[in-house]
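The next block holds one structure in the form of structure tokens; read it before the comments.
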Amino acid sequence: MKRDREEEQQDGGQQQAADDEASAGVKRARNDADDVADEAKPNASATDAIKPESQNASQKPREDTAQQQEPPNQQQQQQQQQEQAAAKDAQDVSPGPGPDNGGGEAADAADTAADAAKDAGGGGGGGEDDAVVLPRSTSRAAVKKGTECPYLDTISRQNLDFDFEKCCSVSLSPVNVYVCLVCGKYFQGRGLSTHAYTHALESAHHMFMKLDNGNVYCLPDNYEVLDKSLDDIRHVRDPRFRREEIAGLDKSIKWARALDGTEYMPGLVGLNNMKANDYINVIMQICARITPLRDFFLDPSNTSSCRSPLVYRFGELLRKMWNTRNFKGQVSPHEFVQAVRNASKKRFSAETQSDPVEFWSWLLNHLHLDLTGGKPKKPSIITQCLQGELEVTTLAGTGKGTRAASSTTDVTERLPFLLLGLELPPAPLFKDVLEKNIIPQVPIFHIMRKFDGESVSDDIRAGRRRFRITRLPRYLALHYRRFTKNNFFVEKNPTLVNFPVKGLELRDILPLPEHPAAAAGAAAGAPDSAAYDTSSKYDLVANLVHDGKADSGTYRVHTHRKVEDIWYEVQDLAVQDILPQMVALSEAYFQVFELRTDATAGSVAATAAAATATAAAAAAEAAEAAGRDAQAAEAAAAATTEAATEAMDTAAA
């Protein structure tokens, strides 16, 4: 019995050793299977990412099983159950003690785990071979030179137009928009499922430019293209000017040529009239003639700190108007009109026509507030160019709700102004003796007497007031009030205003201070403010005209190109030269005059003084010559008298 007990203990020990060895083999197999599965996971994710939809659909149950994510506790429980089941299976299939049996079961378990990992990663036999390899599309694209891109010559510059709103033509989204450089359409994104990628596959258009930064990509290969030949497209997308280029705009005559061969003048291009935005176009043409304002907005660094969409679109439109490398000879103000419509809360839009003078006042005030951060008294380029000062005296006891209404003395205050309104005399109601309509005319010197400080203007609400100009602006804006509104209709006054195109001297008609143009345009850093002090002579730079009836009609503008000294008439897209005499005969509605510098005004006065001195010197010389002739005549007469006397004496002897 003792021997039987020893044999049972020996068999038990051998069985325990076999079980321990089998358990160790199962653990080694499990570790090997985990390593194989870890190596197969990245390949499986990469392969599944590029499989076609049909194959992904067929392998969906296996993917769901392999990629299913469950809570951590449940995963741990399942792993423990699998380990226990594997250990039990290893014990069940073991026929007896021995290292060979346990090692073979461990190898079989490792092979089974490896096959399972391979199936989970590859999606079944032949999954990787049947997968369709698609090009990668990520935010980080490869970079190639232009010589390495075979599609660079497919770009069509005639189809490119950057004047319209930057929105996707399919989704209408303004985010991450690209322009197709072949057909000119806008699409969103460049990923695998985006509209730009789909357009590249369907239309075989491969070159796309991102509108935010001007980078060019080739789709669907998705690599960035670097080439100098694309710089002209970037310049048309966002024109930029160097400071020396801005300074030389008015020093040399420049003509540019569009892609279709037509010539245009930078700064004097036609603006597209989308429906009824001609009143905006004429105001933009006038703003392009105001030199300091133009120079300020041509440099984007001056407005980089301002976040106003109106300021940005205004500067962008001015840069496009002065661009010397445009693909076409006209510009569409679509984005600027959209910004105006949003900022004015639909008060000004392209669908309905409005008064250009009202738009002028609204635009300047909003630009000033946006540039100064909402501080009206802070100087800006608007006030430095166009703001003057007016002294207003309200007579005592006049007006409604004013300080003068309850005061026993006249109330005097000084107010800034951006434009001056001038009243026209009423038109005659009857015809002349020849049964023809009389076209009345009035000189500008007559209606400017409103600001002489003595003439009284009557207004029911504001009271009886007198106006006097105390500081002249660098650019004087005059508004002739041709339209009279009442409860029934709008009436237009056809009176013509006779004005000089050059040399409007305000000192001859208005009592100006000794230094009326000191720091013209509100000092505080005004460009070239030291050049304006005593001057009061203006030259016309823009003349706005209304044609048609009072309740309809169109607007056009006459502008002076300083570098050529030639006048041009601009009406939407039409630009043509015109004689200065025709400018003076038009029904002016709004005008902008530029103040001469002291040196220019002084040189004119010096020329006149020199001419007067020359005339006086010539007169003195003529008088002196006449005096010499008179002396000679007297000497000749005296000699003749003496000769006669001698003859008489001889005869007497």
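The values are calculated or read from the model by the stated rules, or taken from the named source; none is laboratory data. The model shown is predicted, which means the values in this text are computed figures rather than measured ones. Quick reminder, even Gly has a Cβ in these numbers, built from the backbone with ideal geometry, and neighbours come from all protein chains shown. Surface accessibility is based on the protein's heavy atoms, side chains included, excluding ligands, DNA and RNA. Shrake-Rupley method; radii C 1.70, N 1.55, O 1.52, S 1.80 Å.
For this structure, a couple of remarks:
- Prolate/oblate/rounded call for segment 272-380, Cα gyration tensor, a/c under 1.5 rounded: oblate
- Each residue, Ser407 and Asp547, gets one label point 7 Å from its Cα in the Cβ direction; the gap between the two is 4.8 nm.
- Solvent exposure of segment 189-311 amounts to 42 Å² per residue of accessible area, where only protein heavy atoms count and the probe is 1.4 Å.
- Computed accessible area, Arg481, all protein chains, 1.4 angstrom probe, square angstrom: 110 Å²
- Subtracting the Cα-Cα distance of Asn487 and Thr393 from their residue separation scaled by 0.36 nm leaves 30.8 nm.
- Computed E for Lys377/Cys183 - FRET, C-beta separation, R0 41 angstrom, nearest 0.05: 0.20
- Summed side-chain charge close to Ala405 - residues other than Ala405 whose Cβ falls under 14 Å, Lys, Arg +1, Asp, Glu -1: +3
- Placing dummy labels 7 Å off each Cα toward the beta-carbon, the span from Arg257 to Val442 is 5.1 nm.
- Taking all protein chains as shown and a probe of 1.4 angstrom, Glu244 keeps an accessible surface of around 110 Å².
- To the nearest 10, the accessible area of His366 is 60 Å² with a 1.4 Å probe.
- Rg over Rh, two decimals, segment 153-219 (C-alpha only, Kirkwood Rh): 0.91
- Largest-first ordering by accessible area, 1.4 Å probe, given options Glu569, Glu358: Glu358, Glu569
- Residue ranking by accessible heavy-atom surface, 1.4 Å probe, largest first, among Ser173, Ser552 comes out as Ser552, Ser173.
- Residue ranking by accessible heavy-atom surface, 1.4 Å probe, largest first, among Leu496, Leu429 comes out as Leu429, Leu496.
- Three-way shape label, segment 445-488, alpha-carbon gyration tensor, a/c 1.5: oblate
- Of the solvent-accessible surface of segment 198-238, computed with a 1.4 Å probe and all protein chains present, 44% belongs to carbon and sulfur.
- In this rough spin-label picture, where each label sits 7 Å from Cα along the Cβ direction, the Asn176-Val143 distance is 2.2 nm.
- Segment 539-580 - percent of accessible surface contributed by carbon and sulfur, probe 1.4 Å: 50 percent
- For a paramagnetic label modelled on Lys400 (point 7 Å from Cα along Cα→Cβ), amide N atoms under 19 Å away belong, within segment 446-490, to 457-465, 485-488.
- Tensor-based shape of segment 342-491 (alpha-carbon gyration tensor, a/c under 1.5 rounded, otherwise prolate or oblate): oblate
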